[in-house]
1. Looking at segment 124-138, I want the residues that are under 15 Å from Ala392 (Cα atoms) and in contact (Cβ under 8 Å) with a residue 12 or more places away in the chain and have a partner that is surrounded by fewer than 18 Cβ atoms within 10 Å (Cβ to Cβ) and of a type in the set (Val, Ile, Thr) with Cβ atoms under 9 Å, at least 6 apart or on another chain. Which pairs are those?
2. I'm trying to understand the selection: among the residues of segment 359-368, which are in contact (Cβ under 8 Å) with a residue 24 or more places away in the chain and either closer than 15 Å to Val287 by Cβ or of a type in the set (S, T, N, Q) (or both)?
3. Which residues, counting only those in segment 269-324, are closer than 21 Å to Leu338 by Cβ and of a type in the set (Gly, Ala, Ser)?
4. Mind checking whether some residue in segment 138-151 is surrounded by 14 or more Cβ atoms within 10 Å (Cβ to Cβ) and farther than 28 Å from Thr294 by Cβ?
5. Residue check: is Ser356 touching a residue at least 12 places away in the same chain (Cβ under 8 Å) and crowded, with 16+ Cβ neighbours inside 10 Å?
6. Leu155 fails exactly one of the following numbered conditions: (1) surrounded by 12 or more Cβ atoms within 10 Å (Cβ to Cβ); (2) of a type in the set (A, V, I, L, M); (3) part of a helix (DSSP H, G or I). What is the number of that condition?
7. What number of residues in segment 161-197 are aliphatic (A, V, I, L, M) and exposed (fewer than 14 other Cβ atoms within 10 Å of the Cβ)?
8. Taking helices (runs of 4 or more DSSP H) that fall entirely within segment 341-426, which contain at least 1 residues that are over 30 Å from Leu9 (Cα atoms), of a type outside the set (D, E, K, R) and touching a His at 6+ places or on another chain (Cβ under 9 Å)?
Amino acid sequence: MQTFTVIYLIILSLTIFTKIWLATRQIRHVCEYRDSVPENFSTQINLNEHHKAADYTCAKVRLSYINILLGVLLLLALTLGGGINVIVDFCADWLNNSLARGMALIVITMLLMSLTEIPIDFYRTFVVEQKFGFNKMTPAMFFTDLAKQTLLAALLGMPLLFGMLWLTEEMGMYWWFYFWLVWIAFNLLVLAIYPTWIAPLFNKFTPLEDISLKTRIEQLMKKCGFESNGLFVMDGSRRSGHGNAYFTGFGKTKRIVFFDTLLARLDPPEIEAVLAHELGHFKCHHVIKRIVWTFTMSLVLLWILGYLIQQNWFYQGLGVSLSSEAIGSSSSTAVALLLFLLVMPTFTFFFQPLSSLYSRQHEFEADKYAADNASVNDLTRALVKLYQDNAATLTPDPLYSAFYDSHPSAMIRIGRLQSLAHVGKI
């Protein structure tokens, strides 16, 4: 057995064990505190709502067990099980051009993986979300969205994939750097066109019509020095009972979006406080920081991929047989890219707590900005209502939360906001 195969299996086993262990901890911890509303929330959230949040959380985590099991079975089937070899041979029998074979290999594999995810997504939407009163979709809408997403992925992804494989043939050993430049341009383009071209494919966006609320928000934006291309309401209630607000785009395409469910639930001062939090991400440069971090990491990963493409042990260690002559061609690039995308989540899994910590720190900073520019008490009330409406558990397992959660837990977040109110930062 190849040394890299052993390393791969060890890390994969540790990853699976850790995921199952964390999921089990989360279910046990949430169930342990299911019958008692935390004291800080006892006057705002009743026991029935707390029960719903606990049961909803556990249902989602139990579904993750199936995700973990199917994910590892599919991963092993494609790699050490020889699945990629079968697809490579199939493409070779039908296509003579190495670039076309490479594209076909990745497209076929991604389609197969997507097909395995559809039953789980369907169950999540029409069983779990339906059971707890969140789902508003119909099966027709579900499959229409799926068709749109597939077509959009093809229209955007195929040219990008073609460009990558072409660069490996034409630009020599530093192809990965040139592709990184293309990758940056591609992502900035998507960010620019998403608000006006992509998002409307899935939801309807209408200008905010509430004049008093609009005036209130515009005053906050002026105070914060934020310029947008408009205030919009999204028909999120067509698909889900969950609520949210966000700003999207950059430069002249920036716009602020409110879910209609959020507007129906929160009072104007609470909406203002939630928006102040979102503007805090902008004023604290969180979006720019995350974009820079993403581009930096993508450069590192592409450099690693550029090295691995030339290493026979990388292919053999993951169960793929390629001739020495094939290594370095666009076909081998496609195989290497596919293997890299498949196994990278396994090798980077244990860095996830750092990413989650970084994200939670940004949430604290945005809360602090909201506290300085709106009302802490209004933001606190808004968050509690959102916890209620989204059935978010108030008692997550601390280790599970530290590993996965991009937002602070309710107890910690509300506690920090109350401390800000206590010192008069309102």
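1. Pairs found: Phe134/Val128.
2. Of all residues in segment 359-368, those in contact (Cβ under 8 Å) with a residue 24 or more places away in the chain come to 359-360, 362-368.
Answer for segment 359-368, where residues must be in contact (Cβ under 8 Å) with a residue 24 or more places away in the chain and either closer than 15 Å to Val287 by Cβ or of a type in the set (S, T, N, Q) (or both): Ser359, His362, Glu363, Glu365, Ala366.
3. Ser298, Gly306, Gly317, Gly319, Ser321, Ser323, Ser324
4. Yes, segment 138-151 has at least one match.
5. For Ser356, the condition - touching a residue at least 12 places away in the same chain (Cβ under 8 Å) and crowded, with 16+ Cβ neighbours inside 10 Å - is met.
6. That leaves (1) as the condition not met.
7. Kept after step one, since they are aliphatic (A, V, I, L, M), are these residues of segment 161-197: 161, 164-165, 167, 171, 173, 181-182, 184-185, 188-193.
Then keep just the ones that are exposed (fewer than 14 other Cβ atoms within 10 Å of the Cβ); that gives 171, 173, 181, 185, 189-190.
The total comes to 6.
8. Ranges flagged: 352-373, 376-389.
The values are calculated or read from the model by the stated rules, or taken from the named source; none is laboratory data. Everything quoted here is computed from the prediction, not taken from an experiment. Note: ideal-geometry Cβ built from the backbone for every residue, glycine included; neighbour counts use all protein chains shown.
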